[in-house]
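A short reminder: the numbers here are calculations on the coordinates, not readings from a lab. Bear in mind that the values here come from a model prediction, so they are computed numbers and not experimental data. Heads up, the Cβs are rebuilt from the backbone with ideal geometry, glycines too, and the neighbour counts pull from every protein chain shown.
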């Protein structure tokens with residue numbers, strides 16, 4: 001079963017808001033397995049004026065954050081999560097992060113995340129970000145859902 005999501009459905013699941021929502025659309029989602037999402041990178045992004053103004057490049061840490069947001073969508077969809085004010089999805093680890101090509105305004109970042117395993121509320125994912133079929137970044141991500149007071 002492949003599911004798609006528009007920005008309204010994404011915002012219903014993610015706690016992030018502008019300027020920190022880094023997912024525009026879910027192209028396909030297979031719960032408990034994998035997800036493919038899209039981030040349109042535009043010159044209007046708030047980080048570009050300060051991140052190499054004469055040659056704007058999307059910061060690698062934000063590419064990894066985009067992967068984490070996509071991973072959260074996969075997790076939430078897999079466990080039937082409903083957003084509430086007491087739940088926060090945190091990074092628990094990032095391994096093997098590699099950046100292979102710059103991501104610049106006008107690029108479409110295709111983010112593919114697959115679930116490696118979940119155990120006792122800890123999720124491990126493999127994330128890949130591509131532009132025009134070329135690898136831009138990759139990482140293994142560990143995330144966990146916590147209840148806050």
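Structure data summary
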| read-out | value |
| --- | --- |
| Failed condition for residue 58, given (1) part of a loop (DSSP other than H, G, I, E, B); (2) surrounded by 19 or more Cβ atoms within 10 Å (Cβ to Cβ); (3) in contact with a helix residue (DSSP H, G or I) (Cβ under 7 Å, 6 or more places away or on another chain) | (3) |
| Filtered residues of segment 21-46 (kept if outside any strand (DSSP E or B), touching a residue at least 12 places away in the same chain (Cβ under 8 Å) and surrounded by fewer than 14 Cβ atoms within 10 Å (Cβ to Cβ)) | 32, 33, 42, 43, 46 |
| Residue within segment 64-81 that is within 23 Å of residue 140 (Cα to Cα), in contact with a helix residue (DSSP H, G or I) (Cβ under 6 Å, 6 or more places away or on another chain) and not in a helix (DSSP H, G or I) present | no |
| Segment 1-20: number of residues that are surrounded by 14 or more Cβ atoms within 10 Å (Cβ to Cβ), touching a residue at least 12 places away in the same chain (Cβ under 8 Å), assigned to a helix (DSSP H, G or I) and out of contact with any strand residue (DSSP E or B) (no Cβ under 7 Å at 6 or more places or on another chain) | 2 |
| Among residues of segment 115-148, those that are free of Cβ contacts under 8 Å to residues at least 60 places away in the same chain, farther than 28 Å from residue 101 by Cα and not in a strand (DSSP E or B), counted | 2 |
